[in-house]
Amino acid sequence: MSSELPVVRLGDHVDSCLGKMLDAKKNKGSYQPYLGNSNVRWGNFDLVDLAEMKFEPSEEARYSLEPGDLVVCEGGEPGRCAIWTGAAGMKIQKALHRIRPKETLNNYYLFYWFLCAAKAGLLEPYFTGTTIKHLTGKAVAALELPLPPMPTQVAVVDVLKPLDDRITLLRETNKTLESIAQAIFKSWFVDFDPVRAKMEGRQPEGMDEETAALFPDSFEESELGLIPREWQKKSLDAVASYLNGLALQKFPPTGENDLPVIKIAQLRKGDTNGADLASGAIKPEYIVRDGDVLFSWSGSLEVEVWCGGIGALNQHLFKVTSNEYPKWFYFLWTKHHLPSFRQIAAGKATTMGHIQRKHLSSAAAMVPPANLMGEASKVFMPLIDLQIENSLQVRSLSVIRDTLLPRLVSGQLPISDRSLDAAAISD
């Protein structure tokens, strides 16, 4: 990232400190939630199930975040960061740096510099440790970055941030679409709300008469208890095929038509950036494409519709398909059983919890008659298709942002170039 911009030492342009050491015996004060390393993603925060520790009144100023602070991971993936936009007062643990830019440095420009530097490997010379890397407070202060005038910093942000804002909106939309799909699915296929309504002489809520007519108005006995009349109970592995991936180290890259290896880490982050490569000369069924349903059955159990591009299916991942049932049906049934699968995996007395095929066989799916399945597809498939479309757009916008990022941050691409109209790019 060579440029003619002046290069400065970060410590001269920010106030920073590490969070509080987690020590249950020594910590005093009142319990408050705090952010740890795992709560910080690139550009956003995971605020589900925050842990708590004790903080004293005298520690408030030092360990509290203010809106606009940059929160940077000290370990794990050193340098991974996001800007805090929540209320003032959130605490941080020692695994994180709180960086507060001075008036010479725009916080979002600094975030984009960290993102750019991490992608280019420019942070690595500052790491300490061999197997576990760390970015110490001393190293943070010693980081060197190009520093354009403040109007140029703002102009860079004005190009890049609208792209990220659009990406965030698409991701939030997908979360909403998935929540809608899961809520309707649970109502129809797990709780049988339309059947119960008809038994009571009521019109099923939010459903037209034509669709409601396809649901029965009574239950019948099964080995699982009462199920809707004329429905079937099947196991998950009878509804879909769960193809385990390959030990892809046995298929080393050849330099021609190689494929990125999709492991659990790639499934979790949704892309193959930085992934290992394997030979493309594998059976077609082990090649993953956009829209495929993937299920990690070991370690971190996740079920996702993959939209990260073509790749090779690694072991510990199932590719889920069916010749008989639609994608939404086996995806949502697998998703429905995910909490119980996670409990099973957590109970394993091994370093990496997992499930076995017998657990797929014991997990039940309620299968309606073909006419109802077809009508339900008209409801669920558009929701799934729109999620896929949004995810592919996120990928395209991310490519645009990552292409512009190093050129803008380094000053190689003049910010006055009118071709960089962010609004036009994101439309």
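Tell me which residues, restricted to segment 302-347, are in contact with a strand residue (DSSP E or B) (Cβ under 6 Å, 6 or more places away or on another chain) and of a type in the set (G, A, S).
G311, A312, A345, listed by residue number.
So which residues in segment 295-329 are outside any strand (DSSP E or B), open to solvent by less than 20 Å² (accessible area, probe 1.4 Å) and either under 22 Å from I344 (Cβ atoms) or basic (K, R) (or both), if there are any at all?
Once the filter is applied, which keeps residues that are outside any strand (DSSP E or B), open to solvent by less than 20 Å² (accessible area, probe 1.4 Å) and either under 22 Å from I344 (Cβ atoms) or basic (K, R) (or both), segment 295-329 yields only L301.
Within segment 79-106, track down each residue that is in a strand (DSSP E or B), among the β-branched types (V, I, T) and under 22 Å from the mean Cα position of the chain (by Cα).
Correct list: I83, I92.
Considering only residues of segment 25-34 that are part of a strand (DSSP E or B) and open to solvent by 40 Å² or more (accessible area, probe 1.4 Å), which is farthest from P406 (Cα to Cα)?
Among them, the one singled out is S30.
If you check E172 against the conditions, is it closer than 22 Å to L408 by Cβ, open to solvent by 70 Å² or more (accessible area, probe 1.4 Å) and not basic (K, R)?
No: the conditions fail for E172.
Could you tell me which residue of segment 143-168 is nearest to R401 (Cα to Cα), considering only residues that are part of a helix (DSSP H, G or I) and open to solvent by 50 Å² or more (accessible area, probe 1.4 Å)?
Taking the candidates together, the pick is K161.
Testing T130 on (1) open to solvent by 20 Å² or more (accessible area, probe 1.4 Å); (2) modelled with pLDDT of 95 or more, one condition comes back false. Which one is that?
Result: T130 passes all but (2).
Does segment 225-236 include one or more residues that are surrounded by fewer than 18 Cβ atoms within 10 Å (Cβ to Cβ), of a type outside the set (D, E, K, R) and part of a loop (DSSP other than H, G, I, E, B)?
No, the conditions are met nowhere in segment 225-236.
Quick one: in segment 350-408, of everything that is of a type in the set (A, V, I, L, M) and outside any helix (DSSP H, G or I), which residue is most open to solvent (accessible area, probe 1.4 Å)?
Taking the candidates together, the pick is M352.
List the pairs whose first member sits in segment 6-24 and is within 17 Å of A51 (Cα to Cα) and open to solvent by less than 30 Å² (accessible area, probe 1.4 Å), whose second member is part of a strand (DSSP E or B) and not acidic (D, E), and whose Cβ atoms are under 6 Å apart, counting only residues at least 6 apart or on separate chains?
Pairs that qualify, where the first residue is within 17 Å of A51 (Cα to Cα) and open to solvent by less than 30 Å² (accessible area, probe 1.4 Å) and the partner is part of a strand (DSSP E or B) and not acidic (D, E), are G19/I92; G19/Q93; G19/L96.
For residues that are part of a loop (DSSP other than H, G, I, E, B) and on the phi < 0 side of the Ramachandran plot, scanning just segment 107-127, find the one that is least open to solvent (accessible area, probe 1.4 Å).
Only one residue tops the list, namely L123.
Return the residues of segment 333-349 that are open to solvent by 30 Å² or more (accessible area, probe 1.4 Å) and closer than 17 Å to A238 by Cβ; say none if nothing qualifies.
Passing the criteria: only H336.
The values are calculated or read from the model by the stated rules, or taken from the named source; none is laboratory data. Please read these numbers as outputs of a predicted model, since none were measured by experiment. Here the Cβ is made from the backbone with ideal geometry for all residues, glycine too, and neighbour counts use every protein chain on show. What goes into the accessible areas is simple: the full protein's heavy atoms, side chains included, and nothing from ligands, DNA or RNA. Shrake-Rupley method; radii C 1.70, N 1.55, O 1.52, S 1.80 Å.
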